[in-house]
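**Student:** Let me give you the structure first, and then I'll get to my questions.
The values are calculated or read from the model by the stated rules, or taken from the named source; none is laboratory data. Remember, it's a predicted structure, so these values are computed and weren't measured experimentally. All Cβ positions, even for glycine, are placed from backbone atoms using ideal geometry, and neighbour counts span all protein chains on display.
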């Protein structure tokens, strides 16, 4: 769009919203279903009459539960993890207001839904204020044609200068919207005990869709949020269960996110956040691969970090069933997520990789229980990776496999009943496929890795295999009943080997 047209459009939108704020009879209109960030003013969605109760209540809009959670897992083999994101809230005495229809919330208050309602066309509840509690009290908000949002928290003022602060949304039962709840810019949000299931999906009834790049639609979406807690929600059977973008200091804990066709939980360009104690099961789709063969996976999975999602902790989650991948840090052609900690998770029966990442630095995989996948940990073109203290069983291919990576530490892992326990290799890379990589003088050599003190047992082909991987240190590993204990091939110069008998 021409820049001058953008300015005119933004000015028109701002004036329309300002007029809406001054008129009690005129509401803010819904978004078009194909538009996300820019609200368009109209009069198509009526604003409900707000009935003020004679009393007031003391509420903490974004308060934490009585016990403050900690990010420290029960067993931490090494290191200190990123602190749990916190929200600083001052309890505010709020007026109590009852709602029985869709409405725009302009003022601080405790708003309670007293009836099941249906969204007329696009959006239902707008929140454009600080210090708001919206409590559905277990009532339902049913959408119309998978458009719009049941609850839409957004900036207001001219031109959108006010960012909502201290917003709590709880006890809602939402379905058949584009997203159940959409927070488009806010500080300190607390979203808990909602069922945000059966919203927009991007596959057909046979769960067939496109190979995933990015997708839209689902239960909860946060964009541009600083400080938040997302807890005890159910987000099943849609494209994305919990979708967090361009945000920081978000805690996602104790949620259930099953049967979604893209991802259970997605962090996109989101940092300094925590995803812990969630359950993600059967997040999978079918699509056409390569030559048109239809298969499962398609980059779907339980938890994904993408487009620069860094400095996050993914801990103590249970990821089971037919997830495409368990935890996936995706970076093909976009920024990688660096310095993330994946710790203490239980990942069982992922179709492809329990944990996968590429083109990254400083990621740590610590103390996870991984079983029944193709590869347990797959990483490539990565540096300064630590994989320590994991229990890996019954992989169809590799326990730990690394492609063209450097300065990795693989230590204190138990790897039992895989095809190959640990495999480091270098291979010539395709500049057309990896167009986003800047060539290095060593051509992305596999080098300077340490493989230390691992237990390798019952691996059919080899316990440890190195192919064209140089200047590594292999020491203190224990081998039991492997096809081969140690297999070196190609260039392996500079590698030192000193293993326990």
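**Student:** Given the structure, is residue 284 closer than 18 Å to residue 217 by Cα, touching a residue at least 24 places away in the same chain (Cβ under 8 Å) and not in a loop (DSSP other than H, G, I, E, B)?
**Tutor:** It is false that residue 284 is closer than 18 Å to residue 217 by Cα, touching a residue at least 24 places away in the same chain (Cβ under 8 Å) and not in a loop (DSSP other than H, G, I, E, B).
**Student:** Enumerate the strands (runs of 3 or more DSSP E) found wholly within region 328-418, keeping only those where 2 or more residues are within 24 Å of residue 248 (Cβ to Cβ).
**Tutor:** Details: elements: 341-343, 346-348, 353-358, 364-366, 369-371, 375-380, 386-388, 391-393, 398-403, 409-411, 414-416.
Per the criteria, 341-343, 353-358, 364-366.
**Student:** Also: Going through region 112-125 one residue at a time, which ones are crowded, with 22+ Cβ neighbours inside 10 Å and closer than 17 Å to residue 170 by Cβ?
**Tutor:** Scanning region 112-125 gives 113, 124, 125.
**Student:** Then there's this: Can you find even one residue in region 342-351 that is surrounded by 22 or more Cβ atoms within 10 Å (Cβ to Cβ), modelled with pLDDT under 95, touching a strand residue (DSSP E or B) at 6+ places or on another chain (Cβ under 6 Å) and within 22 Å of residue 401 (Cβ to Cβ)?
**Tutor:** no
**Student:** For the subset of region 430-468 comprising residues that are more than 29 Å from residue 390 (Cα to Cα) and surrounded by 14 or more Cβ atoms within 10 Å (Cβ to Cβ), which member is modelled with the lowest pLDDT? Even if it seems obvious, please write down each step before you answer.
**Tutor:** From region 430-468, those more than 29 Å from residue 390 (Cα to Cα) are 430-443; that's our starting set.
The next check asks that each one be surrounded by 14 or more Cβ atoms within 10 Å (Cβ to Cβ); those that pass are 434, 437.
Details: 434: 67, 437: 63.
Applying the filter and picking the extreme gives 437.
**Student:** Go through (1) modelled with pLDDT of 95 or more; (2) more than 21 Å from residue 262 (Cα to Cα) and name the single condition residue 383 misses.
**Tutor:** Here residue 383 clears every test but (1).
**Student:** Only one residue in 243, 223, 299, 307 is in the same structural domain as residue 147 (by TED's automatic domain parsing) and free of Cβ contacts under 8 Å to residues at least 40 places away in the same chain, so which one is that?
**Tutor:** Answer to the check: 307.
**Student:** Quick check, is residue 140 closer than 19 Å to residue 247 by Cβ and modelled with pLDDT of 95 or more?
**Tutor:** No: the conditions fail for residue 140.
**Student:** Quick one: is residue 169 closer than 23 Å to residue 253 by Cβ, at pLDDT below 95 and buried (at least 18 other Cβ atoms within 10 Å of the Cβ)?
**Tutor:** On the way: closer than 23 Å to residue 253 by Cβ: yes; at pLDDT below 95: no; buried (at least 18 other Cβ atoms within 10 Å of the Cβ): yes.
So residue 169 does not fit the description; no.
**Student:** Of the conditions (1) surrounded by 24 or more Cβ atoms within 10 Å (Cβ to Cβ); (2) within 15 Å of residue 328 (Cβ to Cβ); (3) over 11 Å from the mean Cα position of the chain (by Cα), residue 302 fails just one. Which one is it?
**Tutor:** Going through the list (1) surrounded by 24 or more Cβ atoms within 10 Å (Cβ to Cβ); (2) within 15 Å of residue 328 (Cβ to Cβ); (3) over 11 Å from the mean Cα position of the chain (by Cα), residue 302 breaks only (3).
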